[in-house]
Amino acid sequence: MSIADPSLLRLAAEHAIAHLEAVAARPAGARASVTELRAALSGPLPARGVPGPQVIDELVRDADPGLVASPGPRYFGFVTGGALPAALAADWLAAAWDQNAFSAVSSPAAAAVEEVAAEWLKELLGLPGGASVGLVTGAQMANVTALAAARHRVLEAVGWDVADRGLVGAPPVSVIVGAEAHVTVLRALRLLGFGTGTVTEVPVDGQGRMRADALARALAGEGPAIVCAQAGNVNTGACDPLDDIVTAARARGAWVHVDGAFGLWAAASPPLAPLVAGADAAHSWATDAHKWLNVPYDCGVVAVADPAAHHAAMALTAAYLTRAGEGERSNSDWAPEASRRARGFAVYAALRALGRDGVADLVDRCCALARRMAAALGADPALTVLNDVVLNQVLVQVGDAAVTDAAVAAVQRDGTCWLAGTHWQGRPAIRISISNWATTEADVERAAAAIGAAVRSAFAQ
């Protein structure tokens, strides 16, 4: 007797394939509101189970209007990558295999594939070969994990065991961030007991890069310190001067963490690698695989140059947990989660399918498309490109806040592409992020025309 229902799995696969084959042609945004979707999906919990094929067919029918075309080539919101075919296929297998990626005991395959993928990631991103790596849900938990390791090590250096004694009564830790630090860094600090009111903000330049001269002043003093730098400003794509930051921080004895959710991938591209020069000399790094590596969502990467600090911050033991053998990986030693899905299969498949040159080409191509988008939009007299397009982000000013909001709404209604508004240094703006392997020059030209038309409509109103 099989525990699988092949017909049901084939039905789900048929629905998934049909969605992906049509995703480039469907509106880029959702076609129904949450209220409408709730009405379609809700109802009393059935007393008796509904047949599986009916459940799947009706789920697809009722959820479809609320799906955004994020796998499609013209979804430019939130630095969202698509899903490479090999990564998606491996992720489907991961769901079917249903491995608990906790350790080599719970799944030797999940442990081994994650270990291999970790080595490849370090090579691609130019990180130290001895660094430890964990796969987490995203850059949010990668930041939490890295900063937990930082907290452990800088307090241990002044004689305080935070794992045993907690933070009450601990020596104060100076935490320094740029004024454009991403919100996930600030939330990570809150979760770790560093109130945001105690964090020192360093001024940034016109592109959002931390000013190294101002950092040097902020580092004055003594005691444990952590500096959070950034590779890839979420609005402009600009990268902090990491070489100068690391040099100044190391001279002070401070730990340097690099939040590189998407910008750290510049290291994989020879022409773009200078943007993140010095990153390899930091102490910890956070990035996303579900952004520029284009694996399905729920996959971030944390790396720490000090594996002992990383392990001390994350490892857990219990009498009932059978430990892996000597030299065998326990994935849970490097991430906050215990039980979790086997994210490593999709990462492994993406890296193997692309290879080093393919990853570099993916990054370079997205950046070239961003420059093409900026050129097309900048040629419109109603639009002003606000940023130096160094990576995959394009920041555009339309007019006042009301016109910007109207333009964004018009673009979203049109459905040719999807983007969102933001505020940049006090000015309303439109943010465009190109991160999908499937995006082409034709997609950029089509989207730019739609954006221009929406802006003219907003002005007319």
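The values are calculated or read from the model by the stated rules, or taken from the named source; none is laboratory data. Quantities reported herein were computed from a predicted structural model and do not represent experimental measurements. Every residue, glycine among them, receives a Cβ derived from its backbone with ideal geometry; neighbour counts consider all protein chains shown. Ligands, DNA and RNA are stripped out before the accessible areas are found, and what is left, the full protein with its side chains, is counted by its heavy atoms. Shrake-Rupley method; radii C 1.70, N 1.55, O 1.52, S 1.80 Å.
Points to keep in mind about this one:
- Filter result (open to solvent by 60 Å² or more (accessible area, probe 1.4 Å) and closer than 14 Å to Pro65 by Cβ) within the stretch 10-52: Arg31, Val34, Thr35, Glu36, Arg38, Ala39, Leu41
- Residue satisfying all of: in the stretch 74-99; assigned to a loop (DSSP other than H, G, I, E, B) and closer than 18 Å to Gly138 by Cα; most open to solvent (accessible area, probe 1.4 Å) among these: Phe78
- Scanning the stretch 415-433 for residues that are closer than 18 Å to Asp380 by Cβ and in contact (Cβ under 8 Å) with a residue 60 or more places away in the chain yields a total of 6.
- Evaluated against (1) modelled with pLDDT of 95 or more; (2) of a type in the set (A, V, I, L, M, F, W, C); (3) open to solvent by 20 Å² or more (accessible area, probe 1.4 Å); (4) under 15 Å from Phe78 (Cβ atoms), Ala420 falls short on exactly one condition, (1).
- Leading residue by the ranking (least open to solvent (accessible area, probe 1.4 Å)) among those in the stretch 197-207 that are free of Cβ contacts under 8 Å to residues at least 40 places away in the same chain and closer than 19 Å to Asp259 by Cα: Val202
- Checked against the criteria, Gly260 does not count as open to solvent by 10 Å² or more (accessible area, probe 1.4 Å) and in contact (Cβ under 8 Å) with a residue 24 or more places away in the chain.
- Residues being under 12 Å from Ala312 (Cα atoms) and buried (at least 20 other Cβ atoms within 10 Å of the Cβ) - total across the stretch 148-179: 7
Residues checked against (1) outside any loop (DSSP other than H, G, I, E, B); (2) β-branched (Val, Ile, Thr); (3) free of Cβ contacts under 8 Å to residues at least 24 places away in the same chain:
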residue	(1), (2), (3)
Gly129	no, no, yes
Gly134	yes, no, no
Ala149	yes, no, no
His152	yes, no, no
Leu155	yes, no, no
Val158	no, yes, no
Ala163	yes, no, no
Val168	no, yes, yes
Pro171	no, no, no
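- The lone exception for Ala277 - which of (1) more than 25 Å from Val204 (Cβ to Cβ); (2) out of contact with any Ser or Thr (no Cβ under 8 Å at 6 or more places or on another chain) it fails: (1)
- Some residue of the stretch 111-119 being out of contact with any helix residue (DSSP H, G or I) (no Cβ under 6 Å at 6 or more places or on another chain), open to solvent by 10 Å² or more (accessible area, probe 1.4 Å), more than 20 Å from Glu328 (Cβ to Cβ) and not in a loop (DSSP other than H, G, I, E, B): no
- Hits in the stretch 382-394 (condition: closer than 26 Å to Pro271 by Cβ, more than 19 Å from the chain's Cα centre (by Cα) and not in a loop (DSSP other than H, G, I, E, B)): Val385
- Just one of the listed residues (Arg427, Arg372, Arg356) is within 23 Å of the chain's Cα centre (by Cα) and either open to solvent by 10 Å² or more (accessible area, probe 1.4 Å) or at positive phi (or both), namely Arg356.
- Listed conditions (1) out of contact with any Leu (no Cβ under 9 Å at 6 or more places or on another chain); (2) outside any loop (DSSP other than H, G, I, E, B) are all met by Val227, apart from (1).
- Residue within the stretch 392-404 that is surrounded by fewer than 19 Cβ atoms within 10 Å (Cβ to Cβ) and of a type in the set (Ser, Thr, Tyr) present: no
- For the stretch 53-73, a residue qualifies if it is open to solvent by less than 40 Å² (accessible area, probe 1.4 Å) and either in a loop (DSSP other than H, G, I, E, B) or in contact with a Lys or Arg (Cβ under 7 Å, 6 or more places away or on another chain) (or both), and the qualifying residues are Pro65, Ala69, Ser70, Gly72, Pro73.
- Unique residue being of a type in the set (D, E, K, R) and surrounded by fewer than 15 Cβ atoms within 10 Å (Cβ to Cβ) when the list is Asp333, Asp388, Asp380, Asp364: Asp388
- Verdict on Val295 being buried (at least 24 other Cβ atoms within 10 Å of the Cβ) and over 22 Å from Asp91 (Cβ atoms): no
- Yes/no for Cys239 being surrounded by 17 or more Cβ atoms within 10 Å (Cβ to Cβ), in contact with a Ser or Thr (Cβ under 8 Å, 6 or more places away or on another chain) and at pLDDT 95 or above: no
- Filter result for the condition that a residue is out of contact with any Gly (no Cβ under 8 Å at 6 or more places or on another chain) and within 27 Å of Arg431 (Cα to Cα), over Asp64, Asp91, Asp98, Asp57: Asp64
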